[in-house]
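Asker: My questions all concern the structure below.
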Amino acid sequence: MAGLTLAAVGTFAGAVSAEVTVIHAGELLAMPGKAPKKEQTVVIENGKIKAVEEGYVAATQYGDDAKLVDLKGSFVMPGLMDMHVHIQGELSPSGDSETLRWSSEDVGMHSVYFADKTLMAGFTTVRNLGAQSPQHIYALRNAIERGWIDGPRIVASGGVSPTGGHGDVDGMRHDLLDKYTSKTICNGPYDCRRAVREAVKYGADVIKITATGGVLSDTNTGTGQQMADDELKEIMDTAHSLGRKVAAHAHAAEGINAALRAGVDSIEHGSYADAESIKLFKKTGAYLVPTLIAGDTVVEMAKNSDFMSPAIKEKALRVGGDMLSHFETAHKAGVKIAFGTDSGVSRHGTNAREAILMQKGGMKPMDILVAATVNAADLIDMSSSLGTIEAGKHADIIAMHGSPLENLEELLDVDFVMKAGKPVKNK
């Protein structure tokens, strides 16, 4: 009897029909970098793209239960990808008090809220590079992957930073500094090896390091190189041996260049990249993730609010004001660019404003869309499943009324969002 029951279950399972969705796209940018096509049909089965067909093919051709999504009046493209977010919070005058008043559970719930805002803005994959509570980010990543909640696909970092550097806690009394100091703060190459292994052990998909000082550290230690060359090299070797890429926060040229020589996979911000930096970028193939909106945001806050300390305000005005021109130089020189915002400094859900600033820095709309799709997928080693609308890839798809190739501001008002074949927004 038991054998018959199992056989019956197996027969029933085999008879379950696939979930099929058919999109009629008025204009489809299936592969950013190539020209879009008019009147296309995208066929999605069980969350993945099955086919892209010419013309508007009737949904009934793919089964009686196939669902039709009519986007004939829209521009359709792959989901956008942001390679630098901090999804647990936002910079604000109340930020320090929230750190002390909120429980880690509160922070976790806040990150769910920000994840939803990010997804609704059309960003279906993000790389989270730094968190107040890494375990909550790992849990959020896992919950989204399991389908428990909606949010962008998350590639989550573990942070490795030097004592007293950007990435270590600051601006608090000594006993709170002791309480909040991370296990992955390190000193010297072998301790940094340990820190990388510790980050990977507890769930990191990627290692985020702070090669230089940072704008929002409440210290007057500047934005120059803070991790020594031997520490950088040990981190790269250890991370790569464990199958993890390394992203380096870096503002000053000497820190950018030291990280590139050590073998880093991406430079975050790159505010003062010089001629030597450009040579190293092109030699190593590392990506620049420019985060122009972060610079724009901190300049605006420094000029129009009084919650920043004098040390932070000075760095915000100087570094934030210099980022755009250095980005323009790097892009013109042929440095590979992946889209990233540093959202959490800027407001979550406004990620697409980065595209407007990139265009202001001389980048063409198609190149910006490539940076936010194809290049981003390459940076996180997911080109086989993300970045374009092709058979076999995840059905991460967005749409807007007008073409961002003609007006990038269309990205600021995304009307349709599909994540892994599930429509989560359809205005």
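Asker: Hey, fewest Cβ within 10 Å first, where do Glu410, Glu276, Glu268 land in order?
Answerer: Going from sparsest to densest Cβ surroundings: Glu276, Glu410, Glu268.
Asker: A further question on this structure: For the Cα atoms of the chain, what angle does the longest principal axis make with the long axis of helix 292-304, in degrees from 0 to 90, nearest 10?
Answerer: 50
Asker: Next question. Could you pull out the chymotrypsin sites (Phe, Trp or Tyr not before Pro) across region 265-361 that fall in loop regions by DSSP (anything but H, G, I, E, B) with no more than 16 other Cβ atoms inside 10 Å?
Answerer: Here the sparse-neighbourhood loop sites are Phe307.
Asker: Provide the packing ranking of 259-267, 191-199, i.e. peptides ordered by the mean count of other C-beta atoms within 10 Å per residue, highest first.
Answerer: 259-267, 191-199
Asker: Where does each of Ser309, Ser277, Ser343 land when they are ranked from fewest to most other beta-carbon atoms within 10 angstrom?
Answerer: Numbers: Ser309 14, Ser277 27, Ser343 31.
The most exposed by this proxy come first: Ser309, Ser277, Ser343.
Asker: Return Glu27, Glu19 ranked ascending by Cβ neighbour count within 10 Å, so the fewest neighbours appear first.
Answerer: Details: Glu27 20, Glu19 15.
Arranged by neighbour count, lowest to highest, Glu27, Glu19 become Glu19, Glu27.
Asker: Answer with a single label: of [x] 26.2; [y] 20.9; [z] 23.1, which was calculated as mean projected area of the Cα convex hull in nm² from the structure in view?
Answerer: The listed entry that was calculated here is [z].
Asker: Now for a separate question. Calculated FRET efficiency, Glu390 and Lys38, Cβ-Cβ r, R0 22 Å, to nearest 0.05?
Answerer: 0.75
Asker: If you average the alpha carbon positions of region 334-361 and of region 49-118, how far apart do those two centres end up, in angstrom?
Answerer: About 17 Å separates the Cα centre of region 334-361 from the one of region 49-118.
Asker: Report the paramagnetic label zone for Gln359: residues of region 376-403 whose backbone N is under 15 Å from a point 7 Å from Cα along the Cα-to-Cβ axis.
Answerer: Hits in region 376-403 for Gln359 at 15 Å: 400-403.
Asker: Counting each DSSP H run of 4 or more residues in the chain as -39500 (n - 2.57), what helix-only mean residue ellipticity at 222 nm follows after dividing by all residues, to the nearest 500 deg cm²/dmol?
Answerer: Values: 14 runs with 160 residues, N = 427.
So the calculated ellipticity at 222 nm is -11500 deg cm²/dmol.
Rule-based calculations on the coordinates, nothing more; no lab input. Since the structure is predicted, the reported quantities are computational estimates derived from the model, not experimental observations. Positions of Cβ are generated from backbone atoms using ideal geometry, with glycine treated the same way; all protein chains shown enter the neighbour counts.
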